[in-house]
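Note sheet for the following structure.
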Amino acid sequence: MAQKQKCNLNLYRDFLIANQNRYSGSELSRVEPSGNMAHDSVTRWLMKADFRPQDLWRYAKSLTRVESGYLVLDDTVISKPFAKNIDLARHQYSGREHRKINGIGIVNLLWTDST
């Protein structure tokens, strides 16, 4: 029996960059090139991973010109008060509501050149 593919940083990073709309472990296991990865592999790997902002910057720095652009970050919580079975929905603090709400947290990163 062939060993299942395990998730790793390069595979996960490339998946996030290339994907347009589905960011789940199930989707990664479906599109993974060998076709031999369990979606639980992604979950287990993410639970063990300890990423810091400098890890993202180390990768993104070569793609940017820091002298002539801006990095724009925005986070938001999309309220899902009636969501009982949506995996991404969690109780989290909403700055708009000034309290914890059930919702989906989103962080947007945008690099823009000023030229």
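The values are calculated or read from the model by the stated rules, or taken from the named source; none is laboratory data. Predicted model, so just to flag it, every value in this text is computed and none were measured. Counting neighbours? That spans all protein chains shown, and the Cβs are built from the backbone with ideal geometry, glycine included.
Checking A60, A83, A38 one by one, the residue that is in contact with a Lys or Arg (Cβ under 7 Å, 6 or more places away or on another chain) and either closer than 30 Å to S114 by Cα or of a type in the set (G, A, S) (or both) is A38 and no other.
This table checks each residue for (1) modelled with pLDDT of 90 or more; (2) loosely packed, with under 10 Cβ neighbours inside 10 Å; (3) not acidic (D, E).
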residue	(1), (2), (3)
D14	no, no, no
N21	no, yes, yes
E27	no, no, no
E32	no, no, no
G35	no, yes, yes
A49	no, no, yes
R52	no, yes, yes
L71	no, no, yes
R90	no, no, yes
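In the range 5-27, the residues that are more than 20 Å from I86 (Cα to Cα) and in a helix (DSSP H, G or I) form Cβ pairs under 9 Å with partners that are polar (S, T, N, Q) and at pLDDT below 85, at six or more places apart or across chains, as follows: L11/Q5. Residues that are of a type in the set (D, E) number at least 1 in the following strands (runs of 3 or more DSSP E) confined to the range 28-115: 69-79, 99-113. Under the condition of being loosely packed, with under 13 Cβ neighbours inside 10 Å and within 19 Å of the chain's Cα centre (by Cα), the residues counted in the range 94-115 number 5.
Taking the condition acidic (D, E), farther than 18 Å from L110 by Cα and either in the same structural domain as T112 (by TED's automatic domain parsing) or out of contact with any strand residue (DSSP E or B) (no Cβ under 6 Å at 6 or more places or on another chain) (or both), does E67 pass? Break it down into steps so the answer makes sense when it comes.
Numbers: acidic (D, E): yes; farther than 18 Å from L110 by Cα: no; either in the same structural domain as T112 (by TED's automatic domain parsing) or out of contact with any strand residue (DSSP E or B) (no Cβ under 6 Å at 6 or more places or on another chain) (or both): yes.
It is false that E67 is acidic (D, E), farther than 18 Å from L110 by Cα and either in the same structural domain as T112 (by TED's automatic domain parsing) or out of contact with any strand residue (DSSP E or B) (no Cβ under 6 Å at 6 or more places or on another chain) (or both).
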